[in-house]
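Trainee: Here's a structure for you.
The values are calculated or read from the model by the stated rules, or taken from the named source; none is laboratory data. Note that the coordinates shown come from a computational prediction; the quantities given were computed from them, not determined experimentally. Glycine gets a Cβ as well: all are built from the backbone with ideal geometry, and neighbour counts include every protein chain shown.
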């Protein structure tokens, strides 16, 4: 007698294999334990995405303005040097 053909429920899809390769724990929780992603997870994910976007905006502002401090210090030093020079030349 030929071996019986497996039922469709016994098959594993390619996307399930990919899910398992990406995160075996997540696959096990979902497929074996029956846990599903809830709506609170979506809200937490959105808050995390928003927090990362805020951090990226702050980083870009910092990069654009990082020259301000050294420029002001350098300008102040040049101004002070000019004042000292003119005070010696003027007296």
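Trainee: Return the pairs, sorted by first residue and then second, in which the second residue is surrounded by 10 or more Cβ atoms within 10 Å (Cβ to Cβ) and part of a loop (DSSP other than H, G, I, E, B), the first residue lies in the range 67-91 and is in contact (Cβ under 8 Å) with a residue 40 or more places away in the chain and at positive phi, the beta carbons are less than 8 Å apart, and the residues are 6+ apart or on different chains.
Mentor: none
Trainee: In the range 32-91, which residues are over 30 Å from residue 16 (Cα atoms), modelled with pLDDT under 85 and not in a helix (DSSP H, G or I)? Break it down into steps so the answer makes sense when it comes.
Mentor: Initially, the range 32-91 is screened for residues over 30 Å from residue 16 (Cα atoms), giving 51, 53-91.
Adding the requirement that they be modelled with pLDDT under 85 leaves 90-91.
Scanning the range 32-91 gives a single hit, 91.
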